[in-house]
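Undergrad: Have a look at this one.
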Protein chains: 2
Amino acid sequence: MYKGFINLNYKPSANDLVCSFIIEPNNISMEEAANAVAGESSVGTWTNVVTMSDRIKKMGAVVFSIEGNNVKIAYPHELFEPGNMPQILSSIAGNIFGMKIVKSLRLEDVRWSSSLIKSFRGPMFGIKGIREVTKVEKRPLCGTIVKPKLGLSDKDHAKVAYQAWVGDIDIVKDDENLSSQSFNKFEKRIVETLKMRNKAEREEGERKMYMPNITAPFNEMMRRAEFLVENNADYAMVDILTVGWSALQELREANEDLKLILHAHRAGHAALTRNPKHGISMLVLADIARLIGVDQLHIGTVVGKMEGGKEEVIRIGEEIESKIVEQKGNKLSENWKSIKPVMAVCSGGLHPGMVPSLVKNLGNDIVIQAGGGIHGHRNGTTAGAKALRQAVEATMQGVDLREFAEKHKELKTALDQWGYI
Amino acid sequence: MYKGFINLNYKPSANDLVCSFIIEPNNISMEEAANAVAGESSVGTWTNVVTMSDRIKKMGAVVFSIEGNNVKIAYPHELFEPGNMPQILSSIAGNIFGMKIVKSLRLEDVRWSSSLIKSFRGPMFGIKGIREVTKVEKRPLCGTIVKPKLGLSDKDHAKVAYQAWVGDIDIVKDDENLSSQSFNKFEKRIVETLKMRNKAEREEGERKMYMPNITAPFNEMMRRAEFLVENNADYAMVDILTVGWSALQELREANEDLKLILHAHRAGHAALTRNPKHGISMLVLADIARLIGVDQLHIGTVVGKMEGGKEEVIRIGEEIESKIVEQKGNKLSENWKSIKPVMAVCSGGLHPGMVPSLVKNLGNDIVIQAGGGIHGHRNGTTAGAKALRQAVEATMQGVDLREFAEKHKELKTALDQWGYI
């Protein structure tokens with residue numbers, strides 16, 4: 001077999017795409033495993049072929065670093081079709097996960113080729129654009145998910161959303177598995193909920209946002225996005241992993257006209273991301289979402305019901321919100337150039353007592369979404385919503401939650417009910 | 001927390017969707033973990049919410065079987081939007097993989113609700129349709145992938161394809177990471193390669209097929225599919241996992257007019273499927289592909305360069321090719337009704353010496369694709385192609401390959417070169 005995919009003296013150029021892998025070889029040496037991974041993900045196969053040429057060998061990927069199980073591979077950008085994310089992933093995150101010569105393989109990070117970065121749109125709004133639309137200048141945005149996840153009628157859904165908005169919540173979103181079911185049809189829900197949004201805006205005197213879930217087969221998803229525009233919604237929400245990259249890219253393309261803030265839910269990501277030795281890291285999925293151009297992305301909470309270690313979540317936050325990201329361990333550097341930053345969304349088992357930790361870990365440029373942590377409040381949705389906003393206000397003022405709660409009864413109840421970490 | 005998602009006396013109805021999970025609880029009992037998985041994937045969340053009602057509780061999923069780590073959960077079909085695969089997966093294969101209350105979670109099989117099955121198109125051609133188009137009546141189809149994976153120009157690509165066709169190969173396909181790169185643009189490649197296909201058909205007097213890879217952002221993918229129709233191609237190939245379900249469903253919808261045989265490559269599947277305790281099984285991905293309606297699907301080889309145990313690959317073969325599938329262990333039954341069977345594709349490290357094993361394991365209704373196992377033949381692509389077809393002819397005649405090779409020198413060379421298993 002052709003062994004030429006290793007060159008430890010190679011220095012990647014800015015136009016190379018670089019992948020950081022964690023490889024567990026299967027009864028062969030690390031060098032052989034790394035060589036085979038580089039081959040299969042670029043121009044090689046399992047045996048020498050007569051159709052190979054010297055010119056093509058030069059297009060091969062190069063293993064330029066092996067440290068323990070951490071392997072770094074550089075890919076000439078000619079291997080990829082600019083702006084075609086599925087094609088890029090079929091190379092660097094394709095067959096290699098199933099090769100017998102590895103026991104396990106994880107794509108830990110990608111440093112995108114500078115020529116490829118230019119071929120993607122990135123977010124239309126980004127953090128700055130979101131703050132302009134929502135008119136929330138500095139603090140985290142307060143959000144909730146209508147609960148129960150499924151089962152409410154369109155009118156009841158709108159009512160729960162209203163109760164949250166008048167409790168000083170900025171954003172209400174659909175749950176990830178609500179689209180258009182018999183008990184709650186998309187169009188009716190949008191009309192009813194936006195009616196309630198308008199009412200809440202008039203009463204509260206501040207901007208109120210609704211993030212409707214448009215997850216569907218592509219044409220239906222586009223029809224729903226257009227329906228949102230016609231009905232003056234500001235946002236659209238998509239389950240990016242179950243929808244997939246081909247449709248997401250096209251939605252972003254269409255968004256040049258639609259001009260909706262795109263909220264990305266990551267339902268299903270942990271099937272890929274959770275095993276530390278196999279699959280694709282959330283960091284890579286976050287990179288892809290930023291490149292394609294969602295404006296908001298769920299990245300984890302550190303403190304809630306979902307897995308995701310502190311260091312990992314903070315790194316993902318940096319990756320999607322910074323212009324320059326530094327190399328650290330097997331995490332690669334990135335220069336995002338003109339690609340706008342994505343606002344991080346924290347969601348999953350959150351309640352008001354977690355707000356100071358969230359802000360300490362991730363800063364102000366986040367959406368804090370509590371579902372059960374609002375609708376589960378002993379005094380109901382509006383009180384729960386107020387408690388979350390109070391926790392955010394206290395944190396922005398640098399006041400301890402317990403102290404702030406002395407004069408804010410909704411927060412006091414929430415802390416009594418769920419604690420304060 | 002609401003504990004009502006368990007009822008071990010429950011008998012699922014035909015309209016329920018049933019999931020078979022493997023759950024590893026994280027410091028709680030199996031009952032608690034199963035209850036939480038059923039809740040999170042249907043109507044529950046981590047805490048009681050005031051907006052819950054008795055009517056909605058009745059829509060919850062039901063854990064009806066717990067045997068060791070195997071858990072079966074029934075979902076009322078009202079939870080799902082008919083025909084919306086991303087929505088269905090955001091429920092049954094969404095947040096649950098990331099919950100802290102499980103160490104790991106695997107979706108092992110799905111028995112689709114009979115009402116939901118009707119809402120998907122399934123394959124347009126299926127096995128019978130493919131045999132009609134290709135005019136190959138009984139034997140496995142012989143296929144190859146143009147190699148090297150990447151780097152050949154459009155003209156060289158067409159030349160390699162021609163060499164394989166005149167070596168008695170039926171089908172030539174693009175590699176999974178070839179789409180439209182600077183060294184080989186899609187349109188030129190299609191025109192050149194189909195020209196060579198026509199030449200090979202005239203010379204050989206049998207049907208020759210080309211499967212061009214149209215993997216791309218949705219609109220571009222559709223443009224390429226239409227280009228194929230205009231140029232009299234019979235097939236289109238898609239990397240279904242990197243493209244994603246939303247775009248794949250819409251491609252299938254459009255295929256009512258395009259009428260292309262859809263070949264599904266599964267690049268990247270093993271990031272989800274390989275860990276036996278976590279993620280989503282290939283069986284489930286195969287189910288989804290059949291429901292949506294691809295005509296051919298890569299399912300593994302048992303014997304090649306890719307992982308996938310014998311029992312697993314055979315079960316996947318049954319699942320996509322049979323009308324009725326029986327329940328076995330934690331694999332669920334299925335009645336596919338009017339959804340046509342999908343032809344299984346074996347690809348990845350194959351060579352002629354593996355053909356008898358493949359046919360023994362998987363039957364005649366398969367495409368046998370060898371890439372390196374053809375272009376790596378000592379006497380070149382045409383000889384390699386002949387060797388594969390000879391191995392198929394020998395197997396159909398029930399003649400041992402060594403015996404057949406006595407009068408077929410290409411096969412003899414292949415067996416000498418790579419062996420015979």
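Undergrad: Below 8 Å, C-alpha to C-alpha, sequence gap of six or more: please give me the relative contact order for chain A in percent.
TA: 16 percent
Undergrad: Let me know the Kirkwood hydrodynamic radius for segment A:280-421, please, with Cα pairs as the basis and the value in Å to one decimal.
TA: Taking the inverse mean of 1/r over all distinct Cα pairs, segment A:280-421 comes out at 15.8 Å.
Undergrad: Return the percentage of antiparallel bridges among DSSP beta bridges fully within segment B:1-107, rounded to the nearest 5 %.
TA: 95 percent
Undergrad: Loop only per DSSP, at most 16 neighbouring Cβ atoms within 10 Å: give me the GluC sites (Glu not before Pro) in segment B:290-353, ordered by residue number.
TA: Hits after loop and neighbour filter: B:Glu326.
Undergrad: Within a 10 angstrom radius of each residue's Cβ in A:276-284, how many Cβ atoms of other chains show up on average? Whole number is fine.
TA: For peptide A:276-284, the averaged partner shielding equals 2.
Undergrad: I would also like to ask the following. Hey, got the dipole for segment A:1-120? About the Cα centre, +1 on K and R Cβ, -1 on D and E Cβ, debye to the nearest 20?
TA: Dipole of segment A:1-120, to the nearest 20 debye: 140 debye.
Undergrad: While we're on this one: Can you give the charge dipole size of chain A about its Cα centre, rounded to the nearest 20 debye, using +1 on the beta carbon of Lys and Arg and -1 on the beta carbon of Asp and Glu?
TA: Value, rounded to 20: 340 debye.
Undergrad: Positive end of the charge dipole of segment A:126-418 (Lys, Arg +1 and Asp, Glu -1 on Cβ, about the Cα centre): tell me which of A:Ala200, A:Gly167, A:Leu228 has its Cα farthest that way.
TA: Highest projection toward the positive end goes to A:Gly167.
Undergrad: Shielding by partners for B:218-224, please: the mean number of other protein chain Cβ atoms within 10 Å of each residue's Cβ.
TA: What the average comes to for B:218-224 is 5.
Undergrad: When DSSP beta bridges are limited to those with both residues in segment A:126-418, what percentage is antiparallel, rounded to the nearest 5?
TA: Here the share of antiparallel DSSP bridges comes out near 15 percent.
Undergrad: Can you give the calculated 222 nm mean residue ellipticity of the protein assembly as shown, where each DSSP H run of n ≥ 4 adds -39,500 (n - 2.57) and the sum is split over every residue, rounded to the nearest 500 deg cm²/dmol?
TA: Estimated from H runs of four or more residues: -11500 deg cm²/dmol.
Undergrad: Shape of segment A:126-418 from its Cα gyration tensor (a ≥ b ≥ c, root eigenvalues): rounded if a/c is under 1.5, otherwise prolate when a/b > b/c, or oblate?
TA: It is oblate, given that a/c is not under 1.5 and a/b is not larger than b/c.
Undergrad: Right, here's the next one. Using only the alpha-carbon atoms, how far is helix B:218-230 inclined from the longest principal axis of chain B? Give it as 0 to 90 degrees, nearest 10.
TA: Roughly 40 degrees, rounded to the nearest 10.
Undergrad: May I ask you to derive the relative contact order of segment B:273-413, considering only C-alpha pairs under 8 Å and at least 6 residues apart, and to give it as an integer percent?
TA: 18 percent
Undergrad: Please list, in order, the residues from segment A:171-185 whose amide nitrogen is less than 18 Å from a point placed 7 Å along the Cα→Cβ vector of B:Lys58.
TA: A:182-184
Undergrad: What percentages, rounded to whole numbers, describe P(r) for segment B:165-208 computed over all alpha carbon pairs with 10 Å bin width beginning at zero?
TA: Histogram of Cα-Cα distances, whole percents per bin: 27, 47, 25, 2.
Undergrad: Moving to a separate point now. Could you point to the residue in A:Thr301, A:Pro140, A:Ser13 farthest towards the positive end of the protein assembly as shown's charge dipole, with +1 and -1 charges on the Cβ of Lys/Arg and Asp/Glu respectively?
TA: In the protein assembly as shown, that residue is A:Thr301.
Undergrad: So how exposed is A:Asp175, as accessible area in Å² (1.4 Å probe, rounded to 10)?
TA: Accessible area, nearest 10 Å²: 10 Å².
Undergrad: Still on this structure: Which aspartates and glutamates does A:Lys135 reach when only Cα atoms under 12 Å apart count, and residues fewer than 8 places away in its own chain are ignored?
TA: Qualifying aspartates and glutamates at Cα under 12 Å: A:Asp170, A:Glu206.
Undergrad: Heavy atoms of the protein only, probe of 1.4 Å, neighbouring chains included. What is the accessible area of B:Lys155 in Å², nearest 10?
TA: Only protein atoms counted, so the area is about 120 Å².
Undergrad: Enter the Cα centre distance for the pair segment B:161-216 and segment A:98-159, rounded to the nearest angstrom.
TA: Taking the Cα centre of each part, segment B:161-216 and segment A:98-159 sit 39 Å apart.
Undergrad: What is the magnitude of the charge dipole of segment B:56-200 about its Cα centre, with +1 placed on the Cβ of each Lys and Arg, -1 on the Cβ of each Asp and Glu, and no other charges, expressed in debye to the nearest 20?
TA: 80 debye
Undergrad: Follow-up. Quick one: Debye curve from the alpha-carbon atoms of segment A:19-118 only, equal weights, vacuum; give me log10 I(q)/I(0) at q = 0.17 Å⁻¹ to two decimals.
TA: One equal scatterer on each Cα of segment A:19-118 leads to -0.75.
Undergrad: What are the aspartates and glutamates whose alpha-carbon lies under 13 Å from the alpha-carbon of A:Lys118, with same-chain residues fewer than 8 places away excluded?
TA: Those aspartates and glutamates meeting the cut-off are A:Glu81.
Undergrad: Report the antiparallel proportion of the DSSP beta bridges in the protein assembly as shown as a percent, rounded to a multiple of 5.
TA: Of those bridges, close to 45 percent are antiparallel.
Undergrad: Moving on. What does the convex hull of the Cα atoms come to per residue for the protein assembly as shown, in Å³?
TA: 142 Å³
Undergrad: Using a 10 Å cut-off on Cβ to Cβ distances, tally the other chain neighbours for every residue of A:96-104 and report the average as a whole number.
TA: That average works out to 6.
The values are calculated or read from the model by the stated rules, or taken from the named source; none is laboratory data. Remember, predicted model here, so these are calculated numbers, not experimental data. Positions of Cβ are generated from backbone atoms using ideal geometry, with glycine treated the same way; all protein chains shown enter the neighbour counts. Quick note on the areas: whole protein, heavy atoms, side chains included, nothing else; ligands and nucleic acids left out. Shrake-Rupley method; radii C 1.70, N 1.55, O 1.52, S 1.80 Å.
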